[in-house]
Amino acid sequence: MNAAKLRALPFVALLLPLDFIVAVVILAADLASLPWRFGRRWKDPGPVLDVTSVTIQILNWDGKHLLEECLPSVMEAVRYHSARSGRQPEVLVVDNGSSDGSIEFLRTRFPEVRLLELGRNYGFSDGNNRGFPHVQTDIVVLLNNDMLVAPDFLQPLLKPFGEREVFAVTSQITFADPDRRREETGKTRARFEGGFFRLWHAEISVEDEVRDSLPVFWVGGGSCAVDMRKLRSLGGFDSLYRPFYVEDADISWQAWKRGWQCLLAPASRVVHKHRGTTRPKYGDDFVENTIRRNQYLFIWKNVTSPGMILGHLVQLPRIHGSAIMQKGARFELRAYIRALWRLPFAVLRRVSGIPEYWLCDSHVMRLTQ
């Protein structure tokens, strides 16, 4: 056993009682909800949507400099699309209590944009959710404030909604620098190995480029179009993950388990400027720790197949040890304890979701490979 593993062992042992609590709570909840697993029924996905009924919703927090650079491309895309579809999409900016002059900038430079002022920062989930009651169209397109869009990005993004089972469609993501390695593509994939999820963006192949759409594990919450009726039935993004990250993977997984599809439209292209407001405001350590916390919450809420959840619970010590060796004990302890504070809320959502699911976890994994 190497020195790094030896240093991790005391911290892994320290977490064992907490792992036991997590296992008891989740397994007890699954046992109590066992009768509901046999009462599930297929639910009609609803009518075909009017693909000309579209609102573009942009969440903003102190992003005046990003709006100044990126919003003109959105307005150009709106004009381009309306000239061809005969109906102009509405643009709604939901402002999370900006103090950098974003409000004044929008009113002066873009008076045609509808503005919803929230007064304070509600984060990603709650901020977007507070915008949804103001969307009166069949489809909402969610964009980050640091997204540049191609003039023709809307038509291929909306086309798959001709099928009733489609929940959401995401754009292909590129970078302004063509030589930069693409950490994001929009072709999202996942593997459940060692009791934990590994998520990544796969390379988009030549064959992918000529397809109208292809299934993905999750749609990007800042570069996708969503069926508003289905989104409302899910209650919007889950505040369990506040203030940010993993919400889009969560809602996509919830949709897949109900038998709805999450797709990538390769011909719909956006450029992610990667100069957003999250990391500069919160710091890299807090952001990375929140992602780690939310990965635990995602599993505790969503993974209901017995083999997969047992694999996670049994391998928690190994999961901790691996993280401690890579990120340090303080990082893993902090993330896990932060997740434990929200375990009751994750388990309540776990139990309430079981009667709504049509597909099992392993089936969803196969569909999204």
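Positive end of the dipole of the stretch 253-369, charges at C-beta (+1 Lys, Arg; -1 Asp, Glu), about the Cα centre: which of Pro344, Val364, Leu310 has its Cα farthest in that direction? Towards the positive end, the residue furthest out is Pro344. The residues of the stretch 263-359 expose on average 41 square angstrom of accessible surface per residue, using a 1.4 Å probe on protein heavy atoms. Its Cα centre serving as origin, the stretch 1-129 has a Cβ charge dipole (Lys and Arg +1, Asp and Glu -1) of approximately 560 debye.
Of the residues Leu240, Val169, Pro355, the one whose Cα sits farthest toward the positive end of the charge dipole of the chain, with +1 on the Cβ of Lys and Arg and -1 on the Cβ of Asp and Glu, is Pro355. Toward the positive end of the charge dipole of the chain, with +1 on the Cβ of Lys and Arg and -1 on the Cβ of Asp and Glu, the farthest Cα among Leu18, Gly259, Asn96 is that of Leu18. Taking volume of the Cα convex hull per residue in Å³ as calculated from this structure, the corresponding entry among [x] 200; [y] 159; [z] 143 is [z]. Sorting 116-124, 27-35, 146-154 by their mean Cβ neighbour count within 10 Å, with the most densely packed peptide first, gives 146-154, 116-124, 27-35. Here each label is just a point 7 Å from Cα along the line to Cβ, and for Glu165 and Glu183 those points are 3.4 nm apart. Note: relative contact order over the chain, using C-alpha pairs below 8 Å and six or more positions apart, is 22 percent.
Carbon-plus-sulfur accessible fraction, the chain (probe radius 1.4 Å, protein heavy atoms only): 56%. Highest average first, the peptides 218-230, 303-315, 130-142 ordered by how many other beta carbon atoms sit within 10 Å of their residues are 218-230, 130-142, 303-315.
Rounded to the nearest 20, the size of the Cβ-charge dipole of the chain about its Cα centre is 1100 debye, with Lys and Arg at +1 and Asp and Glu at -1.
Solvent exposure of the stretch 98-215 amounts to 47 Å² per residue of accessible area, where only protein heavy atoms count and the probe is 1.4 Å.
Loop-located GluC sites (Glu not before Pro) in the stretch 197-287 (DSSP state other than H, G, I, E, B) with a sparse environment of at most 16 neighbouring Cβ atoms within 10 Å: Glu203. Rounded to the nearest 20, the size of the Cβ-charge dipole of the stretch 114-153 about its Cα centre is 180 debye, with Lys and Arg at +1 and Asp and Glu at -1.
The values are calculated or read from the model by the stated rules, or taken from the named source; none is laboratory data. None of these values were measured; they are calculated from a predicted model. All Cβ positions, even for glycine, are placed from backbone atoms using ideal geometry, and neighbour counts span all protein chains on display. Only protein heavy atoms, including side chains, enter the accessible area calculation; ligands, DNA and RNA are left aside. Shrake-Rupley method; radii C 1.70, N 1.55, O 1.52, S 1.80 Å.
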